[in-house]
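Beneath this line is the structure, given in structure tokens, with notes to follow.
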Amino acid sequence: MGNRFNQQRFIPYVQMHELKALLFSDTDTLGKQLSQSPKEIKDITNRLKEIIRKKGIPEDINDNTATSPSYRILNLCSNYQRILATYTIANEIGLNVIRKECLHIDAWLKKLKSLQ
């Protein structure tokens with residue numbers, strides 16, 4: 001798509017999967033945000049780490065609709081509020097951590113920054 005436009009002015013970014021995949025960049029913070037109980041936090045965090053171990057990077061979490069990031073989170077925490085919690089958790093994790101773990105979005109942001 002970028003090849004069809006002046007690439008200096010149009011640098012596309014396509015999120016490979018839903019935004020919630022980026023939350024898996026910090027499983028400790030995500031686990032803490034999904035529960036209040038220390039035992040439950042530890043259990044959820046361990047399960048989140050296992051998902052990452054199997055997938056490699058957060059941006060690869062999404063085999064099908066039943067295993068999308070939001071459904072994986074909902075399976076761990078049934079009261080997860082998709083919209084509000086996503087932005088709250090992303091803010092808590094921070095862009096630096098997300099960029100470190102999510103190579104696709106990091107490459108796009110580096111390209112934008114190089115235009116300065």
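The values are calculated or read from the model by the stated rules, or taken from the named source; none is laboratory data. What you are looking at is a predicted structure, and each value in this text was computed from that prediction instead of being measured. Reconstructed Cβ throughout: ideal geometry from the backbone, glycine too, with neighbour counts over all protein chains shown.
Observations on the structure shown:
- Single residue of the stretch 15-54 satisfying the filter (touching a residue at least 60 places away in the same chain (Cβ under 8 Å) and surrounded by fewer than 21 Cβ atoms within 10 Å (Cβ to Cβ)) that is nearest to G94 (Cα to Cα): T29
- Filter result for the condition that a residue is assigned to a helix (DSSP H, G or I) and at negative phi, over Y80, Y87: Y87
- Test set (1) at pLDDT 90 or above; (2) out of contact with any helix residue (DSSP H, G or I) (no Cβ under 7 Å at 6 or more places or on another chain); (3) not aromatic (F, W, Y) - G56 fails condition number: (1)
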